[in-house]
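Please read the structure below before turning to the comments.
The values are calculated or read from the model by the stated rules, or taken from the named source; none is laboratory data. It should be emphasised that the depicted structure is a prediction, and the values quoted were computed from it without experimental measurement. Glycine gets a Cβ as well: all are built from the backbone with ideal geometry, and neighbour counts include every protein chain shown.
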Amino acid sequence: MAMTGSKESASAISVSGLRKLYGRFEALKDVSLTVERGEIFGLLGANGAGKSTLIKVLVGSLKPSAGSVQVLGLDPIKQAQLLRRQIGYMPQVPALYEDLSPRDNVRFFGKAHGLANLERRIDEVLEFVNLRSRERDPVYSFSGGMKQRVSLACALIHAPRLLLLDEPSAGVDPKLREAFWQHFRELAANGVTLLVSTHQMDEAFHCDRVAIMRDGLFLACDTPKNLMRRGRAQISIWRGAEVDRHAVTNYAEQLPGILRRYNLDPSITRVEIEEDTLEAIVLDMINVREAQITPAKEAVDVVHA
């Protein structure tokens, strides 16, 4: 993992052959990943899939067992001090001083970065997360969602080039979640790179690209639109009370051919298309993965027997 950081890296994150072991347990298995600058990249998977472990490796709080890692052209372990000036990290559980106000919490993190014009910068980030009206209240009096907003403000105080968000909308109501993603889009539009870990399928559609994680592996990595194309659709065509159903894998291409069979039959009263959800597509990927693992496991069991 030898890197100098003297030359500007084209990518914000570059990971190759990454492995992380806890004893005999392998939390990350040969993970390779590139995230471009200004991109919103999502890590999608259930709890325990390896998302948080990957983020901790990227911020330098965990040392990889194998592989190479570059973040903003720097080694997260060997050049940790230089890197941490340029990244913001919002952990899954807010790490805040609950007896202090949002303003005092953000000030604490701002002083750690040695920022000039700190009070003006605090005003800006508290305005950004819509907390100016509660900036003097103790954090212990806040809801979980409001604490998440304070945590985000702390991560943004030093205007990071890369923002790493671990389950940023966990326990957040839908309205606040929408506001969060609006904030994230504004940041990306201003050139900030975001890597967002989530187990909520609908959040994938806010990302430019998404990696599906399971058991420390990437099952897929693509745009949300392309991931949806891996699903199936059922086309239902009603002629009066009768209905014909057609299962297809790419309805955008196959629908015209199906409709041509009916020669624009005037008795057709309704056409309905029902697509697989992203959750169904991910479950299919998981089932395929488990089907691949099971024969290998059974073979090992036979050998040991």
- request: Select, from A112, A46, the only residue that is surrounded by fewer than 21 Cβ atoms within 10 Å (Cβ to Cβ), of a type in the set (A, V, I, L, M, F, W, C) and either outside the structural domain of A220 (by TED's automatic domain parsing) or under 19 Å from the mean Cα position of the chain (by Cα) (or both).
  value: A46
statement: Residue hits (segment 155-214; among the polar types (S, T, N, Q) and closer than 21 Å to G48 by Cα) are S169, S197, T198, Q200
field: Residues that are assigned to a loop (DSSP other than H, G, I, E, B), touching a Pro at 6+ places or on another chain (Cβ under 9 Å) and surrounded by fewer than 21 Cβ atoms within 10 Å (Cβ to Cβ), drawn from segment 139-172
entry: F142
- request: Have a look at R121, R136, R107 and point out the one that is outside any loop (DSSP other than H, G, I, E, B), over 19 Å from V192 (Cα atoms), among the basic types (K, R) and in contact (Cβ under 8 Å) with a residue 12 or more places away in the chain.
  value: R107
message: Please go through (1) without any contact (Cβ under 8 Å) to a residue 24 or more places away in the chain; (2) part of a helix (DSSP H, G or I); (3) touching a Leu at 6+ places or on another chain (Cβ under 9 Å); (4) under 28 Å from D208 (Cβ atoms) for E178 and return the number of the only condition it doesn't satisfy.
response: (3)
query: Which of (1) at pLDDT below 80; (2) more than 30 Å from D208 (Cβ to Cβ) does I286 not meet, given it meets every other one?
result: (2)
- request: Count, please, the residues in segment 61-101 that happen to be assigned to a strand (DSSP E or B) and loosely packed, with under 15 Cβ neighbours inside 10 Å.
  value: 1
- line: Filtering segment 255-271 down to residues that are touching a residue at least 12 places away in the same chain (Cβ under 8 Å) and outside any loop (DSSP other than H, G, I, E, B) yields L255, I258, L259, I268, T269, R270, V271
- line: Here the qualifying pairs (Cβ atoms under 8 Å; residues six or more apart or on different chains; first in segment 40-68 and free of Cβ contacts under 8 Å to residues at least 24 places away in the same chain; second part of a helix (DSSP H, G or I)) come out as K63/V57
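With respect to L58, determine if the residue is at pLDDT 90 or above and either part of a loop (DSSP other than H, G, I, E, B) or of a type in the set (K, R) (or both).
no
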query: In segment 248-268, is there at least one residue being at positive phi and either within 18 Å of the chain's Cα centre (by Cα) or of a type in the set (A, V, I, L, M) (or both)?
result: yes
